[in-house]
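Read the structure below first, then the notes.
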Amino acid sequence: MYLLGNGRLVTRDDANPYLDNGCVAIEGNLIKEVGETAALKAKYPEAEFIDAKGGVIMPGFINAHNHIYSAFARGLTIKGNNPTNFLEVLDQQWWTIDRNLLLPDTKASAGATYLDCILNGVTTIFDHHASYGGIEGSLFAIAESAKEFGVRSNLCYEISDRDGEDKMKASVKENVDFIKYAQADTTDMIKGMMGMHAPFTLSNKTLEYCAAEKPEGAGYHIHVAEGIDDLYDSLTKYNKRLVFRLHDMDILGDKTICGHCIYINEAEMDLLKATNTMVVHNPESNMGNAVGCPPILKMMEKGLTVGLGTDGYTNDMTESYKVANVLHKHNACKPNVAWGEIPTMLFENNRAMAGRFFEKPIGILKEGAYADVIVSDYDPLTPMNASNINSHILFGMTGRSVVTTIINGVVKMKDRELIGIDKEAVLAHCREQSADLWNRINAGR
């Protein structure tokens, strides 16, 4: 057992939300108790003590939608790539990258992402992978890296018709094989879902094939209405809007995650709510791809479970929090919106979404929850209390404020020093592997 204390404690537990000098008692991979530092030190005198040094102790962040395979896009120039719309962004950049990704690239990308997660206090990710240059074994390569770095992960592979039937079926098989592997895993650190790209790259025949092959109990993770062309495709080919098409194909449900949902109407929102389907908002990606602003405020008003993700844009959840906060104020032309909705997405809904897959609570500091805990090196310049925690996080913290990261009871970083991870070696390998990928992408262009 050890204690993490001497810090301002943010629990996300309504019964005990904040302590000025709080402490978390950790035994194995679970939280044994939460309380005042002095009281827990007296109660457990033999426990090792980790000093938060007055920082803010809080639950690790959960990223509800990420793309590990995008890691090596940083700094990449693809010759002739000058996209003017979202379809061109997909074809000229992302599909070009994933068609060239081999298993070593995928494994190295995972290492880069998981390293950055630990550095930014992200302890759980939902990842949506694509590597059409190397499909078989790709999720297992990511899972191996997840185990090495110790980051809790829910993984899937992106099924699409875009590269033909053989690769579509290989993608389905990769999901099925991995889901079965994850279902047999007893650590509760790895989960699997049936990943899908987007409805406009998936025929009804393919959706039926996915449903027939999907292991019992697994859910879907799919991009929905990220661009207007996805909607146009559904209306033109199937004479129905996207969410209704997915409902008719039995894709929606309480284990299904729909990313983006920019071009959906209120009837579709009502259907998502009725089926208890989850939605994930990715503000930086939506803005960067110039695809529009989703009606997140209306979804929240209707009571949908909307989480916050990054779409691979960053591994800093505070960054996405900040961007979402200003995006929806700007889009609505109302300075009084998004103050409550965005932190609800990040701190409550992401936790609720994770709770549909993992056996014990995460994203909360209370007895019996998994010990996923971080410390932010933040010393507030104004009073901090239970009523204004989110304001301090929004305006005072960044991911790089995180100095200590504990995942599943294991200390992965302490006082900004990584434990059991050679950062320099990881980054050197990534530079070597990414340079090779870049050369393959641009060869002959």
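Please treat every number below as a calculation from the coordinates, not as lab data. Computed from a prediction, not measured in an experiment: that's the story for all the values here. For neighbour counting, all protein chains shown are included, and Cβ atoms are generated from backbone atoms with ideal geometry for every residue, glycine included.
Beyond 23 Å in Cα-Cα separation lie the following of the pairs Lys107/Lys205; Lys205/Lys237; Lys180/Lys302; Lys107/Lys423: Lys107/Lys205; Lys180/Lys302. Between rounded, prolate and oblate, where does the range 161-299 land on the alpha carbon gyration tensor, with a ≥ b ≥ c its root eigenvalues, rounded for a/c under 1.5, else prolate if a/b exceeds b/c? Because a/c hits 1.5 or more and a/b exceeds b/c, the range 161-299 counts as prolate. With K and R counted +1 and D and E -1, the other residues having a Cβ less than 12 Å from that of Leu207 yield a net charge of -2. Ignoring lysines fewer than eight residues from Lys32 along the same chain, the ones with Cα atoms less than 21 angstrom from its Cα are Lys41, Lys43, Lys360, Lys366, Lys412, Lys414. The overall shape of the range 364-432, judged from the alpha-carbon gyration tensor, is oblate: a/c is not under 1.5, and a/b is no greater than b/c. For the residues Ala369, Ala15, Ala130, a GNM of the chain with alpha-carbon springs under 10 Å puts the largest fluctuation on Ala15. Ranking of Tyr44, Tyr321 by neighbouring Cβ atoms within 10 Å, starting from the fewest: Tyr44, Tyr321. Across all Cα pairs in the range 256-358, the calculated P(r) in 10 Å bins from zero up to the longest distance comes to 16, 53, 30, 2 percent per bin. Taking amide H atoms as placed 1.01 Å from N in the peptide plane, the amide H of Tyr220 lies under 5 Å from those of Met194, Thr256, Ile257, each 5 or more residues away in sequence or on another chain.
Distances between placed amide hydrogens fall under 5 Å for Val403 paired with Val375, Ser376, Asp377, all partners being 5 or more residues away or on another chain. Over the residues of the chain, the helix contribution to mean residue ellipticity at 222 nm works out to -11000 deg cm²/dmol, using -39500 (n - 2.57) for each DSSP H run of at least 4. Counting every pair of alpha carbons in the range 397-445, the share spaced more than 18 Å apart comes to 54 percent.
Rounded to the nearest 20 debye, the dipole size of the range 294-445 about its Cα centre is 480 debye, using +1 on the Cβ of Lys and Arg and -1 on the Cβ of Asp and Glu. Fewest neighbouring Cβ atoms within 10 Å first, the residues Tyr69, Tyr232, Tyr157, Tyr263 line up as Tyr232, Tyr263, Tyr69, Tyr157. Rounded, prolate or oblate: which fits the chain when a ≥ b ≥ c are the square roots of the eigenvalues of the alpha-carbon gyration tensor, with rounded for a/c under 1.5 and prolate only if a/b beats b/c? Because a/c hits 1.5 or more and a/b exceeds b/c, the chain counts as prolate. For the range 1-73, the equivalent ellipsoid built from the Cα gyration tensor has semi-axes of 28, 14, 12 Å, listed from largest to smallest.
When each of the peptides 113-124, 17-28 is scored by how many other beta carbons lie within 10 Å of its residues on average, the order from highest to lowest is 113-124, 17-28.
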